[in-house]
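Okay, structure first, notes after.
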Amino acid sequence: MQLSNKVVIKFLDGTVIKGITNDFVPTIDTFHVVYRDDERDIMKEVHVPVMKAVFFVKDFYGKKDVSKHVAAPVKLPGDIGKRVSVTFTDGEVISGYTYSFKDDELGFFLFPLDEADNNHRIFIVTRNVAKIAR
């Protein structure tokens, strides 16, 4: 049984696609997304190297609340994971927790600082990160 995930994909060129995927694997550099365009479903093959990140979301509406990042604890409950701030090559900054990060991997998962966040997790493409502050 494959699970479908609601995703928001941000590409390096500024394009954003909101859709569903059921074949994302963090070690493979392509996956597929199905999204709505002009009242029809389109399936697109996504090439990971040309994207910034894929956001696994609860819904497609989200919420903007910058203040939640200020009061977040330094570590996850149980003292696991590390809080990091990721700066992309275009200047966008995302903060969260990660369990692991290696420069030679395709990417890594970032988990939101706030449990009420719209994101379940975010897959960050390592090659498109300018800086990671720990």
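The values are calculated or read from the model by the stated rules, or taken from the named source; none is laboratory data. These numbers come from a predicted model, not from an experiment. In this analysis, Cβ positions are derived from the backbone assuming ideal geometry, glycine residues included, and neighbour counts consider all displayed protein chains.
Of (1) on the phi > 0 side of the Ramachandran plot; (2) modelled with pLDDT of 95 or more; (3) among the acidic types (Asp, Glu), Asp79 satisfies all except one. Which?
For Asp79, the exception is condition (2).
Which condition number does Arg40 fail, the rest of (1) surrounded by 11 or more Cβ atoms within 10 Å (Cβ to Cβ); (2) at pLDDT 90 or above being met?
If we test Arg40 against (1) surrounded by 11 or more Cβ atoms within 10 Å (Cβ to Cβ); (2) at pLDDT 90 or above, just (1) comes out false.
Only residues that are part of a loop (DSSP other than H, G, I, E, B), of a type outside the set (S, T, N, Q) and either in contact (Cβ under 8 Å) with a residue 12 or more places away in the chain or within 19 Å of Val86 (Cβ to Cβ) (or both): list them for region 1-27, please.
Answer for region 1-27, where residues must be part of a loop (DSSP other than H, G, I, E, B), of a type outside the set (S, T, N, Q) and either in contact (Cβ under 8 Å) with a residue 12 or more places away in the chain or within 19 Å of Val86 (Cβ to Cβ) (or both): Leu3, Leu12, Asp13, Gly14, Asp23, Phe24, Pro26.
Is there any pair with a first residue in region 28-51 that is farther than 29 Å from Glu105 by Cα and a second that is of a type in the set (Ser, Thr, Tyr) and surrounded by 12 or more Cβ atoms within 10 Å (Cβ to Cβ) whose Cβ atoms are under 9 Å apart and which are 6 or more apart or on different chains, and what are they?
Asp41/Tyr35; Ile42/Tyr35
Given Val129, Val74, Val48, which one is at pLDDT 90 or above, among the aliphatic types (A, V, I, L, M) and out of contact with any Asp or Glu (no Cβ under 8 Å at 6 or more places or on another chain)?
Going through Val129, Val74, Val48 in turn, just one is at pLDDT 90 or above, among the aliphatic types (A, V, I, L, M) and out of contact with any Asp or Glu (no Cβ under 8 Å at 6 or more places or on another chain): Val129.
Just checking: which of the strands (runs of 3 or more DSSP E) contained wholly in region 81-134 hold 3 or more residues that are surrounded by 17 or more Cβ atoms within 10 Å (Cβ to Cβ)?
Once the strands (runs of 3 or more DSSP E) in region 81-134 are filtered for at least 3 residues that are surrounded by 17 or more Cβ atoms within 10 Å (Cβ to Cβ), what remains is 82-88, 93-98, 107-110, 119-125.
Can you name the condition, by its number, that Lys58 falls short on among (1) modelled with pLDDT of 90 or more; (2) farther than 20 Å from Ser4 by Cβ?
Checking Lys58 against (1) modelled with pLDDT of 90 or more; (2) farther than 20 Å from Ser4 by Cβ, the one that fails is (2).
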